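Report on the structure given below.
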Amino acid sequence: MRPARALIDLQALRHNYQLAREVTGAKALAVLKADAYGHGAVRCAQALEAQANGFAVACIEEALELRAAGIRAPILLLEGFFEADELPLIVEHDLWCVVQSLWQLDAIEQAKLGKPIQVWLKLDTGMHRVGLHPSDFKSAYQRLQASGKASKIVLMSHFARADELNCPRSEEQIAVFEAARVDLSAEVSLRNSPAILGWPSAPSDWVRPGLMLYGASPFEEPQIHAAHLQPVMTLESKVIGVRELPAGEPVGYGAKFITPKPMRIGVVAMGYADGYPRHAPTGTPVLVAGQRSQLLGRVSMDMLCIDLTDVPQAGLGSTVELWGKNILASEVAQHAETIPYEIFCNLKRAPRLYSGS
Ligand SMILES: *Cc1c(COP(=O)(O)O)cnc(C)c1O
């Protein structure tokens, strides 16, 4: 059997969820969109269901997958519905629904719903992606209330730059939010992972942790709460070939690496078809036989090469951690000029093995 695999530590997932609640004192919707950022939404929901206040996903397809697996906890659709004909399913499956634009509000007013739904009314406080304009917010709230179609209304917004701890933009967004909700009495929800960890001033009845659940820090620099996160996913494989090369020999496609000295090269069963980033360059860290080493040359579809020159204990069959508890996904992401969010979401082919459920 090919040795590439993603080990998923559900105990660490529960620890990180608890951290989001402890840091904020708020209720928390565990964000499981994009198949739980590559970790497997159903298994993660099952692992969290006993302690979680609810879940959040990007679309009804993702919500229905959880319902079909028997998940009964509240599930919020973070972008609401894309077409009005999703509304009967939202009612039937008891989903909570974001309203982020006026056409969605119109559709709810016009729909014949069997029973009222819980609506999370989203304000654009400055990210300028989705959300109602501040000048429409209060009237939208009043229309929803008057429609009789909302069983409860929660007010929400989303930060654009909460991962930049010295940037004033998040405080500006909080101020826009506070002004828009001044005479509305409803629960609120603003904070994603970086805001949960780094912006205690944001009001929060509900928080929405995503990335932090999976144990990666959203910050580039060390941060006091982020230091307590536990990585959930370990992507690992084994050395399937070893080569001794003299100086001056190329390694891999395009001869992007040429041995500067005699070297010992390990070939690992892991490639971009597993989700390892093809753009990770020579020097990206790996752990082999318990010791840090580095990637050499181009990543190919099914294999990549690493440096064993100074790891004499490593050989055929040695375990290689591509990211996990020793090599942080954020480190790999920085080398590959991406973010841990994308690193996780891209996981494919390598089977997931779960522990700690
Ligand atoms: C994805 C998402 C989150 C979670 O963000 P993280 O940075 O991963 O914590 C929260 N809220 C909304 C609206 C989202 O789309």
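Here are a few things to note about the model shown:
- Strands (runs of 3 or more DSSP E) wholly inside the stretch 267-357 that include at least 3 residues being open to solvent by 30 Å² or more (accessible area, probe 1.4 Å) and in contact (Cβ under 8 Å) with a residue 40 or more places away in the chain: 352-355
- Some residue of the stretch 224-236 being charged (D, E, K, R) and out of contact with any Leu (no Cβ under 7 Å at 6 or more places or on another chain): no
- Pro281 of a type outside the set (Val, Ile, Thr) and under 19 Å from Arg5 (Cα atoms): no
- Single unsatisfied condition, Gly248 versus (1) buried (at least 17 other Cβ atoms within 10 Å of the Cβ); (2) out of contact with any Cys (no Cβ under 9 Å at 6 or more places or on another chain): (1)
- Within the stretch 136-153, not a single residue is under 16 Å from Val31 (Cβ atoms) and modelled with pLDDT of 95 or more.
- Just one residue in the set Lys138, Lys152, Lys122 is closer than 21 Å to Glu79 by Cβ and away from the ligand (no atom under 12 Å from the Cβ); that residue is Lys152.
- Here Ser101 fulfils each of the conditions (1) open to solvent by 20 Å² or more (accessible area, probe 1.4 Å); (2) in contact with a strand residue (DSSP E or B) (Cβ under 9 Å, 6 or more places away or on another chain); (3) more than 16 Å from the ligand (Cβ to nearest atom) apart from (3).
- Among the numbered conditions (1) of a type outside the set (S, T, N, Q); (2) within 15 Å of the ligand (Cβ to nearest atom); (3) open to solvent by 10 Å² or more (accessible area, probe 1.4 Å), the only one that Ala111 does not meet is (2).
- Taking residues in the stretch 51-63 that are farther than 12 Å from Cys97 by Cα and in the same structural domain as Asp94 (by TED's automatic domain parsing), and partners anywhere that are at pLDDT below 95 and in a helix (DSSP H, G or I), not one pair has Cβ atoms closer than 7 Å while being at least 6 places apart or on different chains.
- Selection over the stretch 158-192 of residues that are within 9 Å of the ligand (Cβ to nearest atom) and either at positive phi or among the hydroxyl-bearing types (Ser, Thr, Tyr) (or both) gives a count of 1.
- The single residue among Ala69, Ala36, Ala84 that is more than 16 Å from the ligand (Cβ to nearest atom) and closer than 25 Å to Arg129 by Cα turns out to be Ala84.
- Listed by first and then second residue, the pairs with beta-carbon distance under 7 Å, at least 6 apart or on different chains, first residue in the stretch 98-113 and assigned by TED's automatic domain parsing to the domain that holds Gly148 and in a helix (DSSP H, G or I), second open to solvent by 60 Å² or more (accessible area, probe 1.4 Å) and modelled with pLDDT of 95 or more, are Leu105/Arg143; Glu109/Arg143.
- Test: Pro262 is over 30 Å from Cys44 (Cβ atoms) and open to solvent by 70 Å² or more (accessible area, probe 1.4 Å): yes
The values are calculated or read from the model by the stated rules, or taken from the named source; none is laboratory data. The structure displayed is predicted, hence computed values, not measured ones. Cβ atoms come from the backbone with ideal geometry, glycine included; neighbour counts cover every protein chain shown. Surface accessibility is based on the protein's heavy atoms, side chains included, excluding ligands, DNA and RNA. Shrake-Rupley method; radii C 1.70, N 1.55, O 1.52, S 1.80 Å.
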